[in-house]
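Readers should treat all values here as calculations from the given coordinates under stated rules, not as data from a laboratory. What you see is a predicted model; the values in this text were computed from it and never measured. Backbone-built Cβ (ideal geometry, glycine too); neighbour counts: all protein chains shown.
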Amino acid sequence: MTAVSDLARAKVNLFLHVGPVDAQGYHPLASLVAFADIGDRIAVAPADRLSLTVTGPFAAGLDGPGENLILTALRALGHACGIGEPQVAVTLDKRLPIAAGLGGGSSDAGTALRLTRQVLALPIDDAALSRVAATVGADGPMCLFPRSAWAEGRGDVLTPEPSLPPLFGLLVNPGVPSPTGAVYRAYDDGPLQSADRPAPPRSWGTGQVIAWLAAQRNDLQDPAVSMAPAIGQTLTTVAALPGVILTRMSGSGATVFGLCRDHAAAEQAATLLRSSQYKGWVSACILGD
């Protein structure tokens, strides 16, 4: 088979309710997750050995120590299938900011798993592939088959939500680090919330969903802002853009999203922000299946 490619879609936590750390050292959470129509691009081709090439505007951010999650996932796939390392050449076109609260690494790994199964015609079903995806973390199974879902437990208990309508908005990253572990430790030092899953909106119309989301929260937002004031400044900047109705941080940061009533408003807001003095990364997007 020749090379195949696909989009590794950005994951956005529309809200994130976090409870106190449990006896196993994990924080229970409740979230509604949606995936954007933007992300990294993964290509996989048959080869004589496993390899990974990284290109794109954020490739340099992956030059540090530690193994890329794509390689971790593919080695786990080879072990699960009893074939050793999968003999594929993977190219990652890194277009999302690094460690941005968008599930980029998990989405890259999940997309590489799906494509490698296809290229090598591996006899592994979706359930077993999801168990492999879990080796990269709680976001692994969620990002393997990107679709709108409620996430609970440690983020690994997933319930699809097909009623979520397309949401139009922009993603904005100020280019500052927001390390997940440090943000959770800052959360632990402050007032603790609960991992409550709210009742769904009475109607799944776009306006009603945005109003419902406004009543929810991201419990990691204030701890992240306390560590990286640039996130708070970005929240203020995005909220002030014409057409933006709701502004919130995604995940543990540092990416901020702004929701608008339609695609034109989102595009106009993104264009206006790019033309201003703002120095971060900006992209309009559509969230949903």
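Per-residue extension of 0.36 nm, minus the Cα-Cα distance of Leu71 and Gln208, leaves a gain of 45.2 nm for this segment.
Kirkwood radius, the range 31-86, all distinct C-alpha pairs, inverse of mean reciprocal distance: 13.8 Å. Seen from Ala215, the other residues with C-beta closer than 15 Å to its C-beta sum to a net charge of +2, counting Lys and Arg as +1 and Asp and Glu as -1. Taken about its Cα centre, the chain carries a charge dipole of roughly 380 debye when the Cβ of each Lys and Arg holds +1 and the Cβ of each Asp and Glu holds -1. Between His263 and Ile83, the contour length at 0.36 nm per residue exceeds the Cα-Cα span by 60.2 nm. Mean projected area of the convex hull spanned by the Cα atoms of the chain, taken over all viewing directions: 15.1 nm². Enter the Cα centre distance for the pair the range 86-117 and the range 206-220, rounded to the nearest angstrom. The range 86-117 and the range 206-220 have Cα centres spaced 29 Å from each other. Counted over the chain, the DSSP beta bridges are approximately 90% antiparallel. Computed about its Cα centre, the charge dipole of the range 167-287 is approximately 200 debye, with only Lys, Arg, Asp and Glu carrying charge at their Cβ. For the range 109-235, a Kirkwood hydrodynamic radius built from all Cα pairs, placed in the Stokes-Einstein relation at 10 °C and 1.306 mPa s, yields a translational diffusion coefficient of 91 µm²/s. Counted residue by residue at 0.36 nm each, then reduced by the alpha carbon distance between them, the extension gain from Arg197 to Arg131 reaches 21.3 nm. Debye-formula intensities of the range 63-171, expressed as log10 I(q)/I(0) at q = 0.10, 0.19, 0.24 Å⁻¹, are -0.31, -1.03, -1.40 (one equal scatterer per alpha-carbon, no solvent). I'm checking a number: the convex hull volume of the Cα atoms of the range 63-122, normalised per residue, in Å³. What is it? With only Cα atoms used, the range 63-122 gives 91 Å³ per residue. Ranking Ala151, Gly175, Gln221 by how far each Cα lies toward the positive end of the dipole of the chain (charges on Cβ) leaves Gly175 at the top. Annotation: Cα Rg of the range 167-287 relative to the compact-globule expectation 2.2 N^0.38 Å equals 1.08. Net charge of the neighbourhood of Leu96, taken over other residues with C-beta under 13 Å away and scored Lys/Arg +1, Asp/Glu -1, is +1.
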